[in-house]
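Visitor: Okay, handing you the structure first.
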Amino acid sequence: MDTYGFNAKTVSKVDITKFGFRLTPCPIANPLMKNENNKYYYPLLDEFLPYNQDIKIKHRKELNLPQNKRIILITSAVWQETYKAYPHVTNFVNAANKIYRNILTRIAQNNIVLYVGPKGFFEEGNIPSNIHFLGQLSPDVFEKYATASDLFITRNITSTTLAKLALSGIPSVMLKNSLFFTPKTKDKFKCPFKPTEQVEEILNNLEMCYPYRMYPVGWYTFLEPVIKDNPYINVVNEVELFDEERAVDTIWDILENRETVDRITENVARYRGMLDKLCTPSNILEQIGYDEANNCCL
């Protein structure tokens, strides 16, 4: 398990084969995988949010949000602001946050960005007037804001919030990073895309850049086998954080292109159809003969 650019020593000592059967949630696991070796796949969610144009209009009225603006929803959590403060981690997080802020600022020029959670790194500097900080919300209120939005942006592919919103049909973008170099390998590093001048300067000033799919911890390599050939990626649009221009273009395409949204809607329906074919945890326990009273298999 890659964590902050290194392998997590504690986790590497765990032998999961000693723990008997495993219940594997989809997402993030691949619902097309077969149950084998005491590993059983089940749908993580069984309820979804109602999301359509009528619901969006209704909830915008109730929340006093404009009907003629595109609305982007983003979230932040306290744990994302309390990372291990190793020098290379702090430098990387500052760099990643700066690019993330650039992307949100550019998008907010003609749209509204709703920010749920602590302000964190956004407390410094000038904040665009179209970025509104909502703080912590109750689940019911949060879901109302979600269904009033046109797009959800995250930096955590394992997020259950992402799963619920994306599978409810709310278009979602996941900003990941696959770039990786250390002080020893930086001289040989070549960026696979053309960065902006600012991104190039930021990368040049970093001694270490580590990949992530769960920001800011990492888990890029750890999750690679799970993501590979996983239809969930057809539901959630993954894009490189440091590829700022493409990230902005991807977001604009979703906000402005009806065909793109229709394609996402079709992918969501297809994925939910895969989930419908999976057994629930209770069904699985019945199949393997699990005695709940004694916490053991029969």
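Visitor: Restricting attention to segment 168-189, which residues are in a loop (DSSP other than H, G, I, E, B) and not aliphatic (A, V, I, L, M)?
Guide: Listed by number, the residues that qualify are S168, G169, P171, S178, F180, T182, P183, K184, T185, F189.
Visitor: Residue by residue through segment 213-230, note down the ones that are part of a helix (DSSP H, G or I) and among the aromatic types (F, W, Y).
Guide: Our first condition is that a residue be part of a helix (DSSP H, G or I); within segment 213-230, this holds for 220-227.
Correct list: Y220, F222.
Visitor: Taking D46 and the conditions (1) open to solvent by 80 Å² or more (accessible area, probe 1.4 Å); (2) more than 19 Å from E143 (Cα to Cα); (3) touching a residue at least 24 places away in the same chain (Cβ under 8 Å), which numbered condition does it fall short on, given that it satisfies the others?
Guide: Among (1) open to solvent by 80 Å² or more (accessible area, probe 1.4 Å); (2) more than 19 Å from E143 (Cα to Cα); (3) touching a residue at least 24 places away in the same chain (Cβ under 8 Å), the lone unmet condition for D46 is (2).
Visitor: Which members of segment 1-43 meet the condition of being part of a helix (DSSP H, G or I) and either of a type in the set (V, I, T) or open to solvent by less than 70 Å² (accessible area, probe 1.4 Å) (or both)? Before the answer, list the steps.
Guide: Kept after step one, since they are part of a helix (DSSP H, G or I), are these residues of segment 1-43: 9-12, 16-19.
Answer for segment 1-43, where residues must be part of a helix (DSSP H, G or I) and either of a type in the set (V, I, T) or open to solvent by less than 70 Å² (accessible area, probe 1.4 Å) (or both): T10, V11, I16, T17.
Visitor: Give the residue, chosen from T250, T196, T221, T260, that is among the hydroxyl-bearing types (S, T, Y), touching a strand residue (DSSP E or B) at 6+ places or on another chain (Cβ under 6 Å) and farther than 28 Å from G20 by Cα. Lay out the reasoning, then the answer.
Guide: Numbers: T196 fails: touching a strand residue (DSSP E or B) at 6+ places or on another chain (Cβ under 6 Å); T221 fails: farther than 28 Å from G20 by Cα; T260 fails: touching a strand residue (DSSP E or B) at 6+ places or on another chain (Cβ under 6 Å).
When all the criteria are applied, what remains is T250.
Visitor: Is it true that some residue in segment 121-140 is open to solvent by less than 40 Å² (accessible area, probe 1.4 Å) and more than 24 Å from Y215 (Cβ to Cβ)?
Guide: no
Visitor: Follow-up. Here is a check on your reading of the model: is F122 touching a Leu at 6+ places or on another chain (Cβ under 9 Å), part of a helix (DSSP H, G or I), more than 25 Å from R270 (Cα to Cα) and in contact (Cβ under 8 Å) with a residue 24 or more places away in the chain? Can you show your working first?
Guide: Working: touching a Leu at 6+ places or on another chain (Cβ under 9 Å): yes; part of a helix (DSSP H, G or I): yes; more than 25 Å from R270 (Cα to Cα): yes; in contact (Cβ under 8 Å) with a residue 24 or more places away in the chain: no.
So F122 does not fit the description; no.
Visitor: Look through I202, I127, I233 and report the one residue that is free of Cβ contacts under 8 Å to residues at least 12 places away in the same chain, of a type in the set (V, I, T) and assigned to a helix (DSSP H, G or I).
Guide: On the way: I202 fails: free of Cβ contacts under 8 Å to residues at least 12 places away in the same chain; I127 fails: assigned to a helix (DSSP H, G or I).
It is I233.
Visitor: Is it the case, given these coordinates, that A77 is under 21 Å from T158 (Cβ atoms), at pLDDT below 85, of a type in the set (A, V, I, L, M) and in the same structural domain as T221 (by the TED database)?
Guide: For A77, the condition - under 21 Å from T158 (Cβ atoms), at pLDDT below 85, of a type in the set (A, V, I, L, M) and in the same structural domain as T221 (by the TED database) - is met.
Visitor: Among the residues of segment 150-167, is any at negative phi, of a type in the set (A, V, I, L, M, F, W, C), surrounded by fewer than 21 Cβ atoms within 10 Å (Cβ to Cβ) and not in a helix (DSSP H, G or I)? Give the derivation first.
Guide: Of segment 150-167, the ones at negative phi are 150-167.
Filter again for of a type in the set (A, V, I, L, M, F, W, C), leaving 151-153, 157, 162-163, 165-167.
Remaining after also requiring surrounded by fewer than 21 Cβ atoms within 10 Å (Cβ to Cβ): none.
Checked segment 150-167: no residue is at negative phi, of a type in the set (A, V, I, L, M, F, W, C), surrounded by fewer than 21 Cβ atoms within 10 Å (Cβ to Cβ) and not in a helix (DSSP H, G or I).
Visitor: Scan segment 178-200 and give yes if some residue there is surrounded by 15 or more Cβ atoms within 10 Å (Cβ to Cβ), more than 26 Å from P43 (Cβ to Cβ), at pLDDT 95 or above and under 15 Å from the mean Cα position of the chain (by Cα), otherwise no.
Guide: yes
Visitor: For N91, state whether it is open to solvent by 40 Å² or more (accessible area, probe 1.4 Å) and not in a helix (DSSP H, G or I).
Guide: Numbers: open to solvent by 40 Å² or more (accessible area, probe 1.4 Å): yes; not in a helix (DSSP H, G or I): no.
No.
Visitor: In this structure, does F121 turn out to be aromatic (F, W, Y), in contact with a helix residue (DSSP H, G or I) (Cβ under 6 Å, 6 or more places away or on another chain) and over 23 Å from N234 (Cα atoms)?
Guide: Against the criterion (aromatic (F, W, Y), in contact with a helix residue (DSSP H, G or I) (Cβ under 6 Å, 6 or more places away or on another chain) and over 23 Å from N234 (Cα atoms)), F121 qualifies.
Visitor: Moving on to the next point. Might you check whether a residue that is assigned by the TED database to the domain that holds R155, assigned to a helix (DSSP H, G or I) and not basic (K, R) occurs anywhere in segment 65-73?
Guide: Filtering segment 65-73 down to residues assigned by the TED database to the domain that holds R155 leaves 65-73.
From the residues that got through so far, the ones that are assigned to a helix (DSSP H, G or I) too are none.
Scanning segment 65-73 turns up no residue that is assigned by the TED database to the domain that holds R155, assigned to a helix (DSSP H, G or I) and not basic (K, R).
Visitor: Report every pair of residues separated by at least 6 positions or lying on different chains whose Cβ atoms are under 7 Å apart, first residue within segment 1-29 and assigned by the TED database to the domain that holds L179 and free of Cβ contacts under 8 Å to residues at least 60 places away in the same chain, second surrounded by 10 or more Cβ atoms within 10 Å (Cβ to Cβ) and part of a loop (DSSP other than H, G, I, E, B).
Guide: Correct list of pairs: empty, since none qualify.
The values are calculated or read from the model by the stated rules, or taken from the named source; none is laboratory data. Small disclaimer: the values here were computed from a predicted structure and weren't measured. All Cβ positions, glycine included, derive from the backbone under ideal geometry; neighbour counts span all protein chains shown. Just so you know, the surface numbers come from the protein's heavy atoms only, side chains and all, with ligands and any DNA or RNA stripped out. Shrake-Rupley method; radii C 1.70, N 1.55, O 1.52, S 1.80 Å.
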